[in-house]
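All remarks here apply to the structure that follows.
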There are 2 protein chains.
Amino acid sequence: MTFLDDFATMSSFGATAAGGVDREAATADDGRTRRFLADWFDRHGLTTIVDAIGNMYGSVEFVPGAPYVLVGSHLDSQPTAGKYDGAYGVLAAAHAVHHLKEHVERGSLTPQFNLAAVNWFNEEGSRFSPSLMGSGVFIGKFDADEILKVTDRAGISVRDALSDIGFHGIDPAPEAVSYAEIHIEQGPILEKEGLRIGIVTANWAARKYSITVHGEQSHTGATHMALRHDALVGASRIVLAARELTRNFDDGLLLASVGQFDVEPNSPIVVPSKVTMAVDLRSSDPDVLEQAHEMLLAAIDEVTEVNVSIDTSSLRPSTSYQLEGVELAEEAAKDLGLSHRRMLTMAGHDSVNLKDIVPTVMLFVPSVDGISHSEKELTRDEDLLAGVKMLTETVARMVRGDIGAAHPAEFANASHTSS
Amino acid sequence: MTFLDDFATMSSFGATAAGGVDREAATADDGRTRRFLADWFDRHGLTTIVDAIGNMYGSVEFVPGAPYVLVGSHLDSQPTAGKYDGAYGVLAAAHAVHHLKEHVERGSLTPQFNLAAVNWFNEEGSRFSPSLMGSGVFIGKFDADEILKVTDRAGISVRDALSDIGFHGIDPAPEAVSYAEIHIEQGPILEKEGLRIGIVTANWAARKYSITVHGEQSHTGATHMALRHDALVGASRIVLAARELTRNFDDGLLLASVGQFDVEPNSPIVVPSKVTMAVDLRSSDPDVLEQAHEMLLAAIDEVTEVNVSIDTSSLRPSTSYQLEGVELAEEAAKDLGLSHRRMLTMAGHDSVNLKDIVPTVMLFVPSVDGISHSEKELTRDEDLLAGVKMLTETVARMVRGDIGAAHPAEFANASHTSS
């Protein structure tokens, strides 16, 4: 199978010993994967476009001057990640675009719009913060010049990192008329219910906090307990308070986590003076999220011995994907005989950005045991292939104008260049 | 005052904006401080000797072939440290040795032994583990060749780091007959009681643990709470369990801390897969320490959701300084009219090693508010000067043979070279 062969080749870039990948945004291995994709576009008659924030498009023009149906995801990964997250969606998009190009050339599909596969820059946000960077610039939520100045922990800017791998482009980004994305579910629902395809209706709401715990540095072997201001003890109380929050709600309603946690000065015999941490709360129910937010602030207020500052707190509200896109995908799945259900996405995706400017369809394929952001991430071959089929059929209907065409006023706002 | 001027100059090497120093073992700033000391030895007629593990001696031979009274401490510091810890003791030793050399030359002191000031390599152990490295090799507890292979977190070996700063020496270490060290108390007792000098009778017992918490990496935004194996949650429970331990004993009897704590993969939206941490328990009472040890193991057993492995666990028992040295110091303090008391040391010192092979005197001067391993560390000038006077008087009595001479059998074991 061509798709599975291509996917195996692509997964070799930045491959880890445990079967995952390590290719954070604009690293050398991200660059290798991108060159593979550009070469693939070239071999399949697609024109490679790279915009100023490093988004890559493999485009084909059917209707001169018409806007583009975009189909994509992201090639970048977390530091030690699974090989499916993002990369599957990009390769599926490339295959779908190539397949539909052949249909158009053969006369079996009459396009109303042009078509392009997309690899959005830095969806993960692990090397450069914030996440959803490329799609955020594309929709105009972020300013490209500001984003290009963002630096990683080693002080390297987005601009320099993209230049280093040869992907700080100069092309204008294509104008979007609609967007489709396929991604692994990263949860256990589809597998548990024995379904092939998830059609996403809305994203979970999320709140993210950057917190600093300020203590006072002292000697572990000579400072009486009563005199201590131990930043690590204070920060540990916050980690456990965040975990405890989830017990206040029905099972599965609230997710609470601390992923990043840095201790200073971090020496075996020094009482820590400072901890910086990233707290993450998510819920399908905005009211639950607000209650959890209030509870977290109250719990932090109860942490003594140290000073806690909440440096940033941001809300990503729950918003819906356009119903016309959900219905289009449901009809496509029915016609293909693929079992499916509507569902929410807990994680963020580039489609969460795109749906703010154009009708957007977000599709899921099953994740074995719901495991994600882990080298153990797995989606079975038959599900990968069913997903490509589903994406291709969905995008075919978008290209022929089933959605998007009825709302020309929206398209006028959908034209963005990233420079 | 010469001593205070010298101390101010020495404190300028690796000085931090907040008034402390940052000169971890064998860094460029440690090298600068060492060159200042070697130059000081030279200007004051002392011969600089550097052994294979980077211990520096400023020596003077009074009695050809006789063993040496050693007086010293360490110049290396924690990453952001106070300027008194270790450095004060080394400079006090240099001044004492020079002053007594003048006494001998003037005929007002008749030496039975030779004399050297010492700067022991890597007392702190923050860059290269374990701590008390140079004195550990000197007393034969560590093998020099093994220690030279130890690497820091950047993979640089002790051998290369010492060579880089020009202090991987080739001289044999002098033979010791007795040892004296003066250090800041790093606790509040002397200040609270209004006393000038502490005379240490024993060190607190300590247990140190390297612990790894193994969880499972997953997505903070898509993994149900019930499916999580969050290494940071497990590790935070251990941090708080260690803190809770101290409540089981009378105030001040047990110290429990976690100083080093590293989270992997440490990305904002990834549930941590691994935490490595250094736990440190200390008590003046060996029974309390053993009870705390058992309680900690029981608490770790109760941590669920993750796997915890105790990678290393080491006991530093409470042991006594020789009574003859304590009595010698008490008489010296009385004769000088300096207020004093006997006390324990909670922290480790190079003298803890030295006392295992030769009669050893350990002295303290007051620490304001008991603050240590912090840029806020402070000992007042009059206490610094009283300490130098006390050290000089103590060492004068050691050089003339008040202790050490009566036990020739011990000295036979006290000859060590570090290669």
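Just so you know, all these numbers are worked out from the coordinates, no wet-lab data involved. Computed from a predicted structure; not experimentally measured. Positions of Cβ are generated from backbone atoms using ideal geometry, with glycine treated the same way; all protein chains shown enter the neighbour counts.
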Report task. Report the calculated FRET efficiency for A:Asp287 and B:Glu244 (r = Cβ-Cβ distance, R0 = 41 Å), to the nearest 0.05. Result -> 0.70
Report summary line: If each part is reduced to its alpha-carbon centroid, the range A:62-96 and the range B:1-35 end up apart, in Å, by 56 Å
**Report entry** Rounded D (µm²/s) - chain B, Kirkwood Rh over Cα pairs, Stokes-Einstein at 4 °C, 1.567 mPa s
**Finding:** 58 µm²/s
Requested in this report: Determine, for each peptide in B:114-124, A:218-228, the mean count of other beta carbons within 10 angstrom over its residues, then list the peptides with the highest first.
Outcome: B:114-124, A:218-228
Query - 0 to 90° range, to nearest 10: angle between helix B:28-43 axis and chain B longest Cα axis - result: 10 degrees
Query raised in the report: Which whole-angstrom value gives the distance between the alpha carbon centres of the range A:165-232 and the range B:338-353?
Result: 49 Å
Report task. Within 10 Å of each residue's Cβ, count the other Cβ atoms and sort A:Asp402, B:Asp301 from fewest upward. Result -> B:Asp301, A:Asp402
**Report entry** Mean residue ellipticity (222 nm) of chain A, computed from DSSP H runs ≥ 4 via -39,500 (n - 2.57), nearest 500
**Finding:** -10500 deg cm²/dmol
Query raised in the report: Where does the charge balance sit around A:Asp143 when Lys and Arg score +1, Asp and Glu -1, over other residues with C-beta under 15 Å from its C-beta?
Result: 0
Query - Helix axis angle, A:381-399 relative to chain A longest principal axis, alpha carbon, degrees - result: 60 degrees
Query raised in the report: Over all residues in A:369-381, what is the mean tally of Cβ atoms on other chains that come within 10 Å of each residue's Cβ?
Result: 4
Query - Distant-in-sequence amide H partners of B:Thr220 (H built 1.01 Å from N, under 5 Å) - result: B:Val270, B:Val271
Report task. Ignore the peptide's own chain and count Cβ atoms of other chains within 10 Å of each Cβ in A:141-149; give me the average, rounded. Result -> 0
Report task. Please compute the net charge surrounding B:Asp369, taking Lys and Arg as +1 and Asp and Glu as -1 over other residues with Cβ under 10 Å from its Cβ. Result -> 0
Report task. Would you count, across chain A, every pair of lysines whose alpha carbons are under 23 angstrom apart, provided the pair is eight or more residues apart or spans two chains? Result -> 15
Query raised in the report: Pairing the Cα long axis of helix B:87-106 with the longest principal axis of chain B, what angle in degrees results, from 0 to 90 and rounded to the nearest 10?
Result: 10 degrees
Query raised in the report: For A:Leu115, what is the net charge nearby, where nearby means another residue's Cβ is under 13 Å from its Cβ and Lys, Arg count +1, Asp, Glu -1?
Result: -1
Report summary line: In whole percents, the bins of 5 Å from zero upward hold the Cα-Cα pairs of the range B:154-211 as 4, 9, 12, 11, 12, 15, 19, 12, 6, 1
